[in-house]
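Heads up: the structure comes next, in structure tokens.
Just so you know, all these numbers are worked out from the coordinates, no wet-lab data involved. None of the values given here were measured: they were computed from a predicted structure. As a convention, Cβ positions derive from the backbone with ideal geometry for all residues, glycine included, and neighbour counts pool all protein chains shown.
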Amino acid sequence: MPGLVSRLSAAGLLPSPAHERVRNILASPQSGLSGGLADVRDLAARVDTELCARPELTALPGRFLFALDDGRGDISGEGADVCWRAVGPGTGALLLDGADSGLRVGAAQASEALLGLAEAFLTARGTAWRVRELSDLAPLVDAMRGLASEVGPVDMPVSPGLPIGVLQQDNGGVSIGVAPVFGQLSSAQLRLVADVAARAVVTPWRSLLLPDVPGSALGELTDAGLVVDPDAGSLGVSSCIGHPGCVKSRADVRADASKVLSGLPARVRAHFSGCERRCGKPSAEHKDVLAMGDGYRVDEVWVSVDDLADTLAQKGNV
């Protein structure tokens, strides 16, 4: 689209084109609205600003991931390379590849710690792309000696991602968790979101959080084809782009998947793929639905398009 880069820059969405590939920062979507031990919204903005101010960090691999978890455990389970997870209102644990390192830093030092860990990774990485590929995490831990205190590492349970539907806020208002089908929003749906909510939080789970919305918004969002029912079968179904968007795809998998969504119970987890590359498949357990040209192979068993809904319902994961 002509002028897109200049328009994104004017909106503040491209603060540093040189860093755009490495501005991979997750934060607990409900932070500051409901629950959690700390509000990490300002911390996320600070990490972004300070990341863009360090030219050396443009050398990070494009998949390197920063995270800020407000203590509820939603983001710390997403496989971030470095994560600050609140363990109290002003203190957090530093996690490396999702595991507690035993390092503790205050919220005021969270950004410095995460970026310092990223710099230490660059020094120690060799050919590694992610922290999980390092054979020794000691260089990263050592880099924090002057900033962090140490305790014995503890197990930190994780929790599911954003709930779908009406969510109570601590201030008495409500938010709505919304899931676009296949994670894809139309321009009309985006305009509706802008009409009903002053802001929208994009989550890592193919969903949006719409804070401080009126109760009437629920019906409008439903009528627009957005999923707001936590029991909707479509919540467990994902898909690659399929034909015609991908020349390697053997079928229009999104069209075929759309035909079966209304007949699926909430327990089904399935991913539709147009070819063996299985682009976009989830890491969690799911049914593998692979296009074969004349039907689909569901967990290695051939099934016609007409029988997909029944087959997936019978095979559904609980």
Listed residues ASP42, ASP256, ASP155; largest mean-square fluctuation, Gaussian network over the chain with Cα springs below 10 Å, found at ASP155
Footprinting proxy, MET156, MET144: sorted fewest to most Cβ within 10 Å, the residues are MET156, MET144
In Å³ per residue, the alpha-carbon convex hull of the stretch 57-213 encloses 144
For the stretch 260-271, Karplus-derived ³J(HN,Hα) couplings (6.51, -1.76, 1.60; θ = phi - 60°; whole Hz; x for glycine and proline) come out as 9, 4, 5, x, 9, x, 5, 6, 6, 10, 9, 10
Mean Cβ-within-10 Å packing, highest first, puts peptides 196-204, 10-18, 75-83 in the order 75-83, 196-204, 10-18
Note on the stretch 4-150: alpha-carbon gyration tensor, axes a ≥ b ≥ c; rule is a/c under 1.5 for rounded, else prolate if a/b larger than b/c, else oblate; result oblate
For the stretch 2-75 the mean separation of alpha carbon contacts under 8 Å (6+ apart) over residue count, i.e. relative contact order in percent, is 40
Largest fluctuation, GLY92, GLY36, GLY295 only, Gaussian network model of the chain with Cα springs under 10 angstrom, belongs to GLY295
Expressed as a whole-number percentage, the relative contact order of the stretch 88-229 with C-alpha contacts under 8 angstrom and at least six residues apart is 19
Looks like the chain, by Cα gyration tensor root eigenvalues a ≥ b ≥ c and the a/c under 1.5 rounded cutoff (else prolate when a/b is bigger than b/c, oblate otherwise), is prolate
Lone Cys, the chain, Cβ cut-off 4.7 Å -> CYS52, CYS83, CYS246, CYS275
Check: C-alpha center the stretch 230-299 vs C-alpha center the stretch 1-43, spacing in Å is 30
For the stretch 4-150 the mean separation of alpha carbon contacts under 8 Å (6+ apart) over residue count, i.e. relative contact order in percent, is 19
Computed, not fitted: 222 nm per-residue ellipticity of the chain from DSSP H runs ≥ 4 (each -39500 (n - 2.57)), nearest 500, equal to -6500 deg cm²/dmol
Connecting every pair of Cα atoms under 10 Å apart in the chain and solving the GNM, the largest mean-square fluctuation among HIS19, HIS271, HIS243 falls on HIS243
